[in-house]
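Note sheet for the following structure.
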Amino acid sequence: MHEISIAGAIVDAVLDAAKKNNAKKVSEVFIEIGELTALNPEQMKFIFKTISSGTPAEGARYDIRVITPLINCKKCLYNGPIGFFEKLHFFLPQIKCPRCGDIEIDITAGRECCVKRIKIS
Ligand SMILES: [Zn+2]
């Protein structure tokens, strides 16, 4: 599963930062996940809790912010969110310009998955 390897990399980064700061405990972790990563925040939280058990990050609160995808259209210069369409009860992003329909776009947000900051004690 996609989520496990990414969650593992995030917990490693958190533990590494905690160690460098001589932290005994990580109390809170702030994470940003772009909607285009298709990562499920609830599933991520569950994996974080499972794999951080027995580490200084055990029991930390995970604050996950989902980032709405934004695009820049090269054709009509539209700058903003993309559209979603529903398929089999899933909302899938439409990677095209919602104004002119062109696919020559730059994705400026929505693909990130990173730790913004951590709170240690
Ligand atoms: Zn456009």
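Laboratory data are not the source of any read-out in this text; all were calculated from the coordinates shown. Everything numeric here is computed off the predicted structure, so don't read it as measured data.
Below is a table of values for the structure above.
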{"read-out": "Long-range lysine pairs (8 or more apart or interchain), the chain, Cα under 28 Å", "value": "26"}
{"read-out": "Angle between the chain longest axis and helix 2-20 axis [Cα atoms, degrees, rounded to 10]", "value": "50 degrees"}
{"read-out": "Centre separation in Å (Cα based) which lies between segment 74-91 and segment 11-46", "value": "28 Å"}
{"read-out": "Against the rule of thumb 2.2 N^0.38 Å, how large the Cα Rg of the chain comes out", "value": "1.28"}
{"read-out": "Per-residue [θ]222 nm for the chain (sum of -39500 (n - 2.57) over DSSP H runs n ≥ 4, rounded to 500)", "value": "-8000 deg cm²/dmol"}
{"read-out": "Tilt relative to the chain, helix 41-51 - C-alpha long axis, 0 to 90 degrees, to 10", "value": "20 degrees"}
{"read-out": "Rounded to 5, the percent of DSSP beta bridges in the chain classed as antiparallel", "value": "75 percent"}
